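The values are calculated or read from the model by the stated rules, or taken from the named source; none is laboratory data. Remember, predicted model here, so these are calculated numbers, not experimental data. Because the Cβ atoms are built from the backbone with ideal geometry, glycine has one as well, and the counts that use them run over all protein chains shown. The area values use the complete protein model at the heavy-atom level, side chains included, leaving out ligands, DNA and RNA. Shrake-Rupley method; radii C 1.70, N 1.55, O 1.52, S 1.80 Å.
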Amino acid sequence: MASVEVSLTVGRLDASLALLTTKNHHVIEFPTMLLPDNIKAGSIVKIQVAEDAELERQELEQFQTLQDEILEKYGRHSPQSPVLKV
Amino acid sequence: MASVEVSLTVGRLDASLALLTTKNHHVIEFPTMLLPDNIKAGSIVKIQVAEDAELERQELEQFQTLQDEILEKYGRHSPQSPVLKV
Amino acid sequence: MLSQGSIPEVREDDIGSAIDERRAKLPQFQDLGPPDLVSIVKYTPSGSASSHNNKRSSMQLEPSVSSSAGGGGGGGSAAAGDLHANDKHKGEVGTFLYCVGADTSDPTSIAVFLKNMADAIAEKPQVWFGRHKPYRVARVTFATWNAFRQCDVEVVVHIPGAVQSYFLDTRGEVLTVAAEERELVWAETFASGVVRAIAMMADNREDGEVNNVVETRILNPLVSGEIGDVADHFIDVFPLLYARGVALGAPCDVACASRTNNYLCETLLHVTRLTRNFRRCRAMLEALQRDHPEVVVLLARVLLDADLEVDAVRLVHDDLSAHGGLVTAHRSELLCVQAAFLLDAKHDYAAAQRLAQAAVDCAPSEFRPWHLLVQSYVCLNDIENALLALNGCPVAPNRDRYIFKRVVSVAQDSANLHLPLPMDVVLDEVTGLNSRDIINEHKSVSPALLNLPAATLKANARTRYHLLTEIARKTGWESLLRYRSKLFVMEEEYQVASTPPTEEGDPLKPDGIRTKRLCERWLDNLFMVLYEDLKAYTLWQAEQLHFEAQNTHYSKTTTEWELLGLCALRLGHREEAATAFEAGLQHRFSAESSRKLLQIYLHERSRLKKDSDLSSSQVTAAVLDYDNKIIDLCVKICCWNHRWYSEFSVLLLDSLSVVVDDMGITKLSNEISSRFPETVVQLANDNLLAFYADFTDDGYDK
Amino acid sequence: MLSQGSIPEVREDDIGSAIDERRAKLPQFQDLGPPDLVSIVKYTPSGSASSHNNKRSSMQLEPSVSSSAGGGGGGGSAAAGDLHANDKHKGEVGTFLYCVGADTSDPTSIAVFLKNMADAIAEKPQVWFGRHKPYRVARVTFATWNAFRQCDVEVVVHIPGAVQSYFLDTRGEVLTVAAEERELVWAETFASGVVRAIAMMADNREDGEVNNVVETRILNPLVSGEIGDVADHFIDVFPLLYARGVALGAPCDVACASRTNNYLCETLLHVTRLTRNFRRCRAMLEALQRDHPEVVVLLARVLLDADLEVDAVRLVHDDLSAHGGLVTAHRSELLCVQAAFLLDAKHDYAAAQRLAQAAVDCAPSEFRPWHLLVQSYVCLNDIENALLALNGCPVAPNRDRYIFKRVVSVAQDSANLHLPLPMDVVLDEVTGLNSRDIINEHKSVSPALLNLPAATLKANARTRYHLLTEIARKTGWESLLRYRSKLFVMEEEYQVASTPPTEEGDPLKPDGIRTKRLCERWLDNLFMVLYEDLKAYTLWQAEQLHFEAQNTHYSKTTTEWELLGLCALRLGHREEAATAFEAGLQHRFSAESSRKLLQIYLHERSRLKKDSDLSSSQVTAAVLDYDNKIIDLCVKICCWNHRWYSEFSVLLLDSLSVVVDDMGITKLSNEISSRFPETVVQLANDNLLAFYADFTDDGYDK
């Protein structure tokens, strides 16, 4: 499964955003919320990002079930009091 | 070691920023650069962030070595041609 | 009903200066652009001048071939400024007004419209700044913005004489249009005009469709056509323009306009609903869908408007199930259609919430998915998630509704403003209202009531405020505050947390900030706004109770009642709002109170019809009662609009249509005749009843 | 050298209007604020008026006790406006000018300064708009901005009569200052004035210290004191103000001002360097460091300025090693000091790069760390990383250098401007320059050369452009373009990549965008700017070669030579730049060319001294040659500055100090006397030599 793993240095950080730098001169605004609690300016963090195919499949399945329920409930019968015919 | 792990849904994304949503109604601007290549709108990603204490220690050591070298090279001898005495 | 009294005019300091100013401002026109401009040159005829003119040939309705728009022939590059340099008369005076809703589908239609206006002015001596002036019109120029092509279309009618028409690009240069493109350009020009008229009414419906540019004549674009049925024509040209609809911009609850989410599409849906032209529109969209799959969004909405629920549900289901995991560009919009349907029509809040969440996930920066998500949570009584989702709503502080703006600035009390009182329709209570008295009434209102901040919220801020008031209605104020401090970090806590680490590298933040989150500043502000509204409302209710307990009459002016009613309405207290508006309307007419009351009545009436606790005869009697009140309000508002040069209101057409559905056009007409003077009856027939009878797709009973 | 000819004035339409306007604008004053304002009321004495005045007592230099600043006594809340309501004379005229560098350490110093100015005006009939006017001065008002306390300090001198002083808050209300705070407030006021004068010179050094507000009299704050040694005083009060230095703002290469990185600290370092007052400053900072560890940053810089390298290196090393992994707030600044030292003084590029990178890592949004990082890479010939780091530089488009701005707007050609020619110093070549001729010369320059975009780059954009030109010098243009397209995604590629996925959920982006990155728009723009400079430079060089090959004289005006020289200088072609400036200066004097040439000479001179290929006598001869050229330029620029009412230039004091170090003050004085007329010699003595002799900490040989 494709995944990205990088090490970054934590520069400034406030309640919402942290500035992380990479070795090749990227500066990345990163949500502080996604940083562990013990992180402070000067820390080095390892970030791993991977696609969660299994969860994606589950969600898709649940969504399809919901769609089918909606069709069953509201798409099988003629409306009770059609105001108009087209 | 403290680490954060979250699952997020990828909404819009462009060359620099992706918008990710959490189940509890956070919207997070995330650098596209840190997403794997196969990610597209609708994907679910797992993000893990952890402090890299070992790398931190190494970097600190290297930095200290550099400092000591600088002291050795430039801080041990009197300057060659002092213009002023204080 | 074109009469001298229904044409407002602004006198120019220099003849033609309004057109010049418009041309200079073309580069600033955005999206839908401003209303059309009518520039008039008129004169009081002397012997020599009129004999000079009589030498001219009679009016020629076809555009002169020498102009570029006239067929791409020779001489098309003449500077537009030169085209005015004819027809000098002694004692000429230049005037202008704005105009909306005129048929701009070809130069002939525009010329006929201008000629009618010229005739009205010349019909009899005009009352002109206190004197009677026997004006003749030398020429009339019409300028209308083609929003698709970003060009201004000008038509000049010389009387007597020729008609010229040309297209100007944003630099004011004459644009050459190839003969084969001519039809398309005029279709664009026509649609731009219809969209402007409808979009303004739709965007400002909550604000009573009020237009602040008083020197504007507003016509119903759906009945003003010289070309036959305007609605049919609009539906027919829609496919030609569809792919460029984004150029027109979108309502302010859209963050980023798309092909299916813009003013052109919104207008199509309004036109179709108003004229009940569902069959034609459905066929058109089904054909269009073959090349543009995303049209499914519009098709679903039309089917729902046409009460073809089953068809709509299937259509949406099939599209949402077809693409597997891939997220189509229109997925979020379609999910919103489905969510809104489940929420409003089916009260299936749990399903609506999941759909809204799915819409948010694939378009996190769009507004509507978030609004629907909050709404679902409110309906599910899930206050915490409702507040969190509200806090997550994206905002666009600079977006605003489409309103008409002046191209030529005119002071409110300008000595150049000619604002006649239309004497052709007289309903004392309405048309005789003294605006000075109302201003004085305003001045006497307590500032606390007059300056409630909720009254000035704009665009999406108002929507988000509405969502907050719905939450507050479920929780009450005290409990709302508890929720707030449980979920959100307060500003002070934030300040501490965001201070950069000093000396020793402070720990990141105080405990708890991770589980709580920052309350967006705008939401914090809305809490304050809500507090002010609640304070005013509570004070009023307590006062009134106190007076009633003492058997004293609780006396307020109409303006005060109106402000109290609006406050109650914002807080969702519909019944108290109605009481306030009704109390105010007992003293005198108020357009704003009438419009709000009209909307309350419509709402109550529809609730009644669904009320299963009442017997059918009870319902019928109660509905009839509401119908009569609705008729009364609609006719009065129609008179008021006419007095301010507007003959078009989507609100009135929508409102009265439910009455027509109940009693048919003939009975409604009789009702109106029995209650109102002849001129008012005529106006109601022209502006309202004739529309149902002659301009709709036989959805109404005679 | 205060004479009538060195006081510019602007005539007021209403007496006192400048002071009124300043008061009205107090809420807009930011950071350092505007220059001081001197408002003068003068009159031509008639019999009655002067007898009226003679009743008054003689001038009283102590502030009147009734004013709040005078000791916190009674009546302190009187509105400041009332304090002017005395002294009405017939034929009164109001004038004003700005002033910088006056000693504002107490009301007495200010009063003496104002009295001297009044005496100069009354000394003899003033040439006033073409007529001789025997003016007397009725009163002078002085207003100076206390940037620490955000208040304006006003001193009014009535002649003859009392002195009043008071503090106004930003609303224009008189501020009550407790007696025990008085000393502190005056220390703030004093320091604010010194910082304004020095910061303006330092920030605009690259622009020739040019001040565009012509009606300004600029004095050297370090010699203007009535209180003894200004530099000593500044160093002594520094600890009192240190903690509030952030209020003064910081130079534009600082993103966020800190306690050790702001105009107050910069001024301390300039004052210490100019006056060679290192001992006093070091002792003060060492004491201050006990409570404020971050002062180590300033201490290290002072030690380096004092050539105490070993002390500095140890100090920095110890601090950077002391905190373990914890990042102190001043760490990034200290790393920058260390990196700059290794880069500039030691040419240890590899170490400098690692330190700059460490500085970037702990302050990624600061400017200087990035600039140093790029610089290190350039020196290491690592072009790719230099470009990537340049692209990473944070930007602040709205930050600009500190310049003097008008508080009262005056048109360039205003009939109220009184701009006398100071006749006390005459050096024909310089003071006789006809500005009309120069304007005409400007008009004849080809627009391509006149409008080179690099010339108008501001603040950090200029720094970043300089870094880009250094890269270009290493690579050449063609190779630079290859690097660019290898490293960066072009705008068009980006557009494709950022299009949202349509139908089928497009793959994220075309191949390769991951390894490349977006070129920031400003960097893209700088490439264009560089291209224009290179084009102009290449064209010039080719033309000149062509002329020389044909043995034709290559003829240019001074303005053209100047523009070519500036272009060459920007591109790092120092030798060609010098040739151009020298060629231009053969026709006529130019202040800009002279200043740039001065800087080139200083640079070459210092290179010479380090050149080990030359014999010591060769070096001495060549250095002497440069010294003579430097003397010549400095004296001429000094005359030019004096002609424009400015007696202060950090550039000149710094430049001439190297000559003083070579030959001593006496020899330098003799050199000047032998070459220039008496008045010029006097000026150079007053404005330059006297400074080294009397206002420095015996760092110079007599």
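Annotations for the structure displayed:
- Residue D:24/residue D:410 FRET efficiency (R0 22 Å; Cβ-Cβ; nearest 0.05): 0.85
- Protein heavy-atom accessible area occluded, B/A pair - total, 1.4 Å probe, Å²: 2800
- Tensor-based shape of the stretch D:575-692 (alpha-carbon gyration tensor, a/c under 1.5 rounded, otherwise prolate or oblate): oblate
- Equivalent ellipsoid of the protein assembly as shown: semi-axes from √(5λ) of the C-alpha gyration tensor, largest first, are 68, 44, 36 Å.
- Estimated FRET transfer efficiency when R0 is 30 angstrom, pair residue A:69-residue C:486 (beta carbons, to 0.05): 0.35
- For chain D, a simple Cβ point-charge model (Lys and Arg +1, Asp and Glu -1, everything else neutral) yields a dipole of about 820 debye relative to the Cα centre.
- Accessible-area loss of 40 Å² or more (1.4 Å probe, protein heavy atoms, chain alone versus all protein chains) is found in the stretch D:310-327 for D:310, D:313, D:314, D:317, D:326, D:327.
- Computed label-point distance, nm, for sites residue C:236 and residue D:618 using a 7 Å Cα→Cβ extension: 9.5
- Overall shape: prolate for the stretch D:158-232, with the ratio a/c of the largest to smallest alpha carbon gyration tensor axis at 1.5 or above and a/b above b/c.
- Percentage of interatomic Cα-Cα distances in the stretch C:338-488 larger than 17 Å: 74
- Largest first, the three principal axis extents of the alpha carbons in the stretch C:291-345 are 29, 25, 15 Å in whole numbers.
- Centre separation in Å (Cα based) which lies between the stretch A:22-82 and the stretch D:308-324: 49
- When the stretch D:92-222 is reduced to its Cα atoms, the Kirkwood hydrodynamic radius in Å: 16.2
- Fraction of beta bridges assigned by DSSP in the protein assembly as shown that are antiparallel (%, nearest 5): 90
- Neighbouring partner chain Cβ atoms per residue of A:60-68, average, 10 Å criterion: 4
- With all protein chains kept in place, the per residue accessible area of the protein assembly as shown amounts to 42 square angstrom at a probe of 1.4 angstrom.
- Cα-centred dipole magnitude for the stretch C:164-306, charges only on beta-carbon of K, R (+1) and D, E (-1), debye, nearest 20: 360
- Take each residue in A:18-26, count the other chain C-beta atoms within 10 Å of its C-beta, and the mean is 6.
- Residue C:365/residue D:434 FRET efficiency (R0 56 Å; Cβ-Cβ; nearest 0.05): 0.35
- Note: relative contact order over the stretch C:311-411, using C-alpha pairs below 8 Å and six or more positions apart, is 19 percent.
- Shape call, the stretch D:236-352: gyration tensor on alpha carbons, a/c limit 1.5: rounded
- Greater than 31 Å apart at Cα, pairs in C:90/C:124; C:458/D:516; C:486/C:535; D:474/D:596; A:73/C:667; C:609/C:667: C:458/D:516; A:73/C:667
- Spatial separation of Cα centroids for the stretch D:337-352 and the stretch D:249-264, in angstrom: 22
- Euclidean distance between Cα centres, the stretch C:454-472 to the stretch C:145-192, Å: 41
- Coarse-grained scattering of chain A at q = 0.13, 0.17, 0.23 Å⁻¹, given as base-10 log I(q)/I(0) from a Debye sum over alpha-carbon atoms: -0.63, -0.81, -1.06
- A dipole drawn for chain C from +1 and -1 charges on Cβ atoms has a positive end, and of C:468, C:383, C:487 the residue lying farthest that way is C:468.
- Estimated dipole of the stretch D:318-407 in Debye, rounded to 20 [Cβ of Lys and Arg +1, of Asp and Glu -1, Cα centre]: 500
- Averaging the sequence gap over all C-alpha pairs within less than 8 Å and six or more residues apart, then dividing by the number of residues, gives chain D a relative contact order of 14 percent.
- Considered as an equivalent ellipsoid built on the Cα gyration tensor, chain C has semi-axes of 46, 32, 27 Å, the largest given first.
- Relative contact order of chain A, taken over Cα pairs closer than 8 Å and 6 or more residues apart, is 29 percent.
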